[in-house]
2 protein chains.
Amino acid sequence: MEIINLHSYSIVIGAIQETLPGVLHQLDYSQLIVIVDENTKMHCLPLLESSLEGQSYVLIEVPSGEQHKNIQSCQHIWQEMMQAQTSRDALVLNLGGGVIGDMGGFCAGTFKRGVRFIQIPTTLLSQVDASIGGKLGIDFMQVKNSIGLFQNPQAVIVDPAFLQTLSLREVRSGYAEIIKHSLIADAEQWQLLQQYESLENINWQELIIPSLLIKKHIVENDPKEKGIRKALNFGHTIGHAVEGLALETSHPLLHGEAIAIGMISESFLSHQILGLDIQDVRRIARYLLQMYGGQVLPNEQYDDYISLMRNDKKNEGNQINFSLIQPVGQAVVNQTCNSGLIRESLDFYNELCQL
Amino acid sequence: MEIINLHSYSIVIGAIQETLPGVLHQLDYSQLIVIVDENTKMHCLPLLESSLEGQSYVLIEVPSGEQHKNIQSCQHIWQEMMQAQTSRDALVLNLGGGVIGDMGGFCAGTFKRGVRFIQIPTTLLSQVDASIGGKLGIDFMQVKNSIGLFQNPQAVIVDPAFLQTLSLREVRSGYAEIIKHSLIADAEQWQLLQQYESLENINWQELIIPSLLIKKHIVENDPKEKGIRKALNFGHTIGHAVEGLALETSHPLLHGEAIAIGMISESFLSHQILGLDIQDVRRIARYLLQMYGGQVLPNEQYDDYISLMRNDKKNEGNQINFSLIQPVGQAVVNQTCNSGLIRESLDFYNELCQL
C-alpha cells in the first residue's frame with residue numbers, strides 16, 4: 001500500500017480490500033451510498049463489495065458516458081438520495097471513471113449543502129487525473145465541466161486492479177494525461193515514456209505514482225486555479241473543443257484522444273508563440289500520432305471549435321487562454337493568441353495526420 | 001452608512017447609491033450580471049441602476065416566487081450566463097428576496113466552478129436572514145433548500161429603501177425572523193418587539209441591525225452548522241414542512257407565515273421536552289397569532305408534514321431534529337421527539353387558532 005498525503009485528504013494506492021476498510025473505519029456515517037454506471041456495476045462493484053465487510057449500502061446507477069454527465073443525471077442521483085432519506089452525515093462512494101467521480105462528487109457536494117464522498121476511480125484517466133484537485137462538475141450546453149464546484153473528497157482509493165476491466169482504448173486515453181504531466185513538468189519522464197510502444201503488460205502503479213506526484217505538486221501550489229495550476233490545461237483548450245464537437249457525432253472521442261490532438265496543436269502554438277524547438281514539436285506529434293492515430297478535423301468546423309474555446313472556463317474576459325510549454329518539461333500559463341494562429345495549429349495537426 | 005464586518009465579507013447598510021459604488025470599486029471584474037425577478041426588475045432595478053454609474057450589465061430575469069426556486073430556473077440562469085459568455089472573473093449582483101439570493105448565489109457559485117457574487121436583498125426576510133451565513137440553494141422534490149452549498153458573497157448591500165416596494169404581508173413575513181432571533185438569543189429584544197402592534201411607520205434599520213448582530217454571532221461561531229448555528233432553525237422544522245405542503249395548494253404561505261406556525265408548535269415542544277414555562281408559550285403564541293392570524297392545519301395532512309420533516313437536512317440518521325428554546329432568549333439544539341408529540345404540537349397550534 002502506498003499513500004500520497006495531500007493537505008486535506010490522502011490517496012491510498014493498492015488492493016482495495018486492503019485499503020478501503022481502514023479508510024472507512026476512520027469515518028462516522030449514517031448511511032453508505034455507492035454510485036455506479038452499468039459498466040462499473042458489472043465489473044467493479046463485486047470487488048468493492050468484497051471490501052465492505054458486509055456493510056449494507058444504497059446503490060445508485062446512472063448510464064455510462066460523457067453524454068450523460070449532465071443535469072438530468074444529477075436530478076436522478078438527487079432523487080434517489082432523497083428517496084433513500086439520505087442525511088447530511090451519509091457517505092458517498094463514487095465508483096467509476098471521471099464522469100462518475102465528477103458528477104457523483106458534484107451531487108454529493110450539493111445534496112443538503114454537502115455530503116462527504118470518497119472517490120474510487122476505476123479508469124486510468126481518473127486515477128491519474130481526477131483524483132487530485134477537488135474539481136467536480138457536469139457538462140452544460142456542450143461546455144465541459146461548466147457547472148460545478150471545488151470540493152475535496154474524504155479520500156481517494158486507487159486500485160490498479162480496476163484497470164483490467166478496461167478496453168485498451170480506454171487505457172490509452174488515460175495514458176494521455178500521463179504524457180501531459182511529463183510534458184509540463186518532467187522532461188526525463190517524457191524521455192522514458194517515448195520508449196513505450198505498446199501499453200500492454202505495464203506495471204501501472206509505477207507510472208501512476210510519479211504522475212500523481214506531479215499533479216499533487218502543481219495543485220497544492222494553486223488550489224483554486226489562479227496561476228500555475230493552469231499548467232494542467234496544456235492540450236485542453238483545443239482538446240476540450242474537439243471533444244465537445246465530437247460528442248455530437250456518431251464517433252465521439254475519448255477524453256485522452258481529444259487531448260492528444262490538443263497537445264499536438266498546442267505544441268505548435270508553443271513553437272509559434274514561445275519558440276519551443278520545432279524538433280520537440282515533431283517528436284511530440286510523432287509519438288502521439290503513433291499512439292492515438294490521426295483523425296482529420298474538418299475545416300468547416302474550425303469556427304465551431306473556436307466558438308467553443310471562447311466559452312472555456314479558463315478564459316478571462318474575451319481572450320482564449322492557453323497553457324503552453326517551453327522547453328519540454330516546463331509550462332507557461334496565460335498565453336493568448338488570435339484565431340488565425342489557432343486555425344494554423346489545427347492545419348498543422350491535419351497535415352501531419354495526412355502524411 | 002453602517003458596516004457589519006464578518007470574517008470574510010461585510011454587510012453594508014444604508015442608501016445603495018452611497019454604498020454600492022465603493023464596494024464595486026474594490027473589485028476587479030470582466031462583466032457585471034444582475035439577476036432579478038419581474039417584481040425587482042420593475043421596483044428595485046431603477047434604484048440599483050442609479051448606483052451603477054453608467055456601467056453596463058447583463059440582465060437575467062427569473063419568475064418570482066418560491067415555486068420557481070428550482071433546477072429549471074437554475075438552468076435558465078446558467079444558459080443566459082453561457083450565452084453572455086460569462087467568464088469566471090465576472091461579478092453577479094443578486095437583486096431580490098431570498099429566492100433570488102439563494103438561487104442566484106447557487107448559480108453563480110457553481111457556474112464554471114464559482115463566479116463571485118454580491119447579495120442585494122430587497123425583502124425584510126432576506127435582509128435579516130439570508131444576508132449572513134453563505135447558505136445557497138434551491139428546492140428539490142418539495143424539500144426546501146435541499147440542493148445547495150455554503151459559499152460567501154463578496155458583500156451584502158442592505159438598503160431599507162427597498163422595503164417600501166413590499167406589501168405589508170411580505171414585511172410581516174420578514175418580521176418573523178426578527179422575532180425568532182429575539183426568541184433564541186435576546187429576551188430583552190423579545191420584550192421590546194411585543195410592543196409593536198402594527199408594522200407601519202417603523203424605522204427598520206433600528207430593528208435590522210440588532211437582528212443581524214445576533215445572526216452574525218451565531219453563524220461565526222459555527223459556519224458549517226455543526227452545532228450552535230442550528231439554533232437558527234427554531235420554528236423551521238415544522239415551519240418548513242408547513243410551507244412545503246402549502247406550496248402545493250392554491251394558498252401558498254410566505255416563509256415567515258409558515259415559520260410563525262412553526263414557532264408556536266415548537267414552543268409547545270420546548271415546553272413538553274425542556275420545560276419552557278407554559279406562560280411563555282402562550283405569550284409567544286398570542287403575539288404570533290395576533291400578527292399572523294391563524295390558519296388551521298388539516299388533520300389528514302399530519303402524516304405528510306411528518307414525512308417532509310423526515311427529509312429535512314437538519315436530521316442526522318433517522319431522527320427528526322429540532323432546535324428549541326428554554327428559557328426565552330436561549331436555544332437548545334439537537335432535540336428529537338417521536339411523531340406522537342409532533343402531532344400534539346400541531347393540535348396545540350390548531351386549538352389556539354380556533355379560539
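Here B:Asn334 yields copy-to-copy label distances, from shortest upward, of 4.7 nm, the label point defined as 7 Å from Cα along Cα to C-beta.
Applying both filters, DSSP loop and at most 13 other Cβ atoms within 10 Å, to the GluC sites (Glu not before Pro) of segment A:19-128 gives A:Glu53. Counting only DSSP beta bridges whose two residues both lie in the protein assembly as shown, roughly 40 percent are antiparallel. A convex hull fitted to the Cα coordinates of segment A:203-261 yields 98 cubic angstrom per residue. Phi angles across segment A:288-302 convert, under the Karplus curve 6.51 cos²θ - 1.76 cosθ + 1.60 with θ = phi - 60°, into 3J(HN,Hα) values of 5, 5, 5, 6, 10, x, x, 10, 5, 8, x, 3, 6, 9, 3 Hz, Gly and Pro given as x.
For A:Leu93, nonlocal amide neighbours, meaning residues 5 or more places apart or on other chains whose placed amide H falls under 5 Å from its own, are A:Ile33, A:Val34, A:Ile35, A:Ile118.
When B:Leu192 is represented by a point 7 angstrom out along its Cα-to-C-beta vector, the spacings to that point in the other copies are 6.9 nm, nearest first. State whether segment A:69-144 is rounded, prolate or oblate according to the following rule on the C-alpha gyration tensor (a ≥ b ≥ c being the square roots of its eigenvalues): a/c under 1.5 gives rounded; otherwise a/b larger than b/c gives prolate, and the remaining case gives oblate. Taking the square roots of the gyration eigenvalues as a ≥ b ≥ c, segment A:69-144 is oblate. The Rg/Rh ratio of chain B, with Rg taken over Cα atoms and Rh as the Kirkwood radius over Cα pairs, comes to 0.96.
Against the longest principal axis of chain A, how steep is helix A:339-353, in degrees 0 to 90 to the nearest 10, with axes from Cα atoms? The answer is roughly 90 degrees. Database remark: amide H of A:Val115 closer than 5 angstrom to the amide H of A:Gly109, A:Thr110 (H placed geometrically; neighbours at sequence offset of 5 or more, or on other chains; Pro and chain starts carry no H).
Short-range pairs are left out: with C-alpha atoms under 8 Å and at least six residues apart, the relative contact order of chain B is 14 percent. Peptide B:104-115 shows a mean partner chain C-beta count of 5 within 10 Å per residue C-beta. Taking other C-beta atoms within 10 angstrom as a stand-in for reagent exposure, B:Glu2, B:Glu177 fall in the order B:Glu2, B:Glu177, fewest first.
When each of A:Ser146, A:Ser267 is scored by the number of other beta-carbon atoms lying within 10 Å, the sequence from fewest to most is A:Ser146, A:Ser267. With an 8 Å cut-off on Cα pairs and a minimum separation of 6 or more residues, tell me the relative contact order of segment A:2-165 in percent. Over segment A:2-165, the number comes to 27 percent.
For chain B, the antiparallel share of DSSP beta bridges with both residues in that region comes to about 40%. Which residue fluctuates most in the GNM of chain A (Cα springs below 10 Å): A:Gln127, A:Gln142, A:Gln290? Maximum fluctuation in the GNM of chain A, among the listed residues, is at A:Gln290.
Relative to the compact-globule estimate of 2.2 N^0.38 Å, the Cα radius of gyration of the protein assembly as shown comes out at 1.03. A Gaussian network model of chain A, with springs between Cα atoms under 10 Å, assigns the largest mean-square fluctuation among A:Gly340, A:Gly293, A:Gly256 to A:Gly340. Along segment B:193-198 the Karplus relation, 6.51 cos²θ - 1.76 cosθ + 1.60 evaluated at θ = phi - 60°, assigns HN-Hα couplings of 4, 4, 7, 7, 9, 9 Hz to successive residues, with x for each Gly and Pro. Compute the Cα gyration tensor for segment A:2-165, then decide on rounded, prolate or oblate, letting a ≥ b ≥ c be the square roots of its eigenvalues: rounded whenever a/c is under 1.5, prolate when a/b is larger than b/c in the other cases, and oblate in all that remain. Rounded. Among DSSP beta bridges whose residues both lie in segment B:2-165, state the antiparallel percentage, nearest 5. The antiparallel proportion sits near 30 percent. With its label point defined 7 Å out from Cα along the Cα-to-Cβ axis, B:Ser10 lies at 4.4 nm from the matching points of the other copies, in increasing order. What fraction of the Cα pairs in segment A:168-353, stated in percent, has a spacing above 29 angstrom? The answer is 15 percent, as a whole percent. Relative to the longest principal axis of the Cα atoms of chain A, helix A:71-83 runs at roughly 10 degrees.
Taking amide H positions as modeled 1.01 Å from N, with prolines and chain starts lacking one, the residues under 5 Å from B:Val158 and 5 or more places away or on another chain are B:Val12, B:Ile13, B:Gly14. Between A:Asn203, A:Asn221, A:Asn334, the residue with the greatest mean-square fluctuation in the GNM of chain A (Cα pairs under 10 Å linked by springs) is A:Asn203. Ranked by how many other Cβ atoms sit within 10 Å of their own Cβ, fewest first, the residues B:Ser323, B:Ser56, A:Ser30, A:Ser265 fall in the order B:Ser56, A:Ser30, B:Ser323, A:Ser265.
Of the trypsin sites (Lys or Arg not before Pro) in segment A:181-282, the ones in a loop by DSSP (not H, G, I, E or B) with at most 16 other beta carbons within 10 Å are A:Lys224, A:Lys226. The distance separating the Cα centre of segment B:1-61 from that of segment A:155-204 comes to 49 Å.
A short reminder: the numbers here are calculations on the coordinates, not readings from a lab. From a predicted model like this one, the values you see are computed outputs, not experimental measurements. Counting neighbours? That spans all protein chains shown, and the Cβs are built from the backbone with ideal geometry, glycine included.
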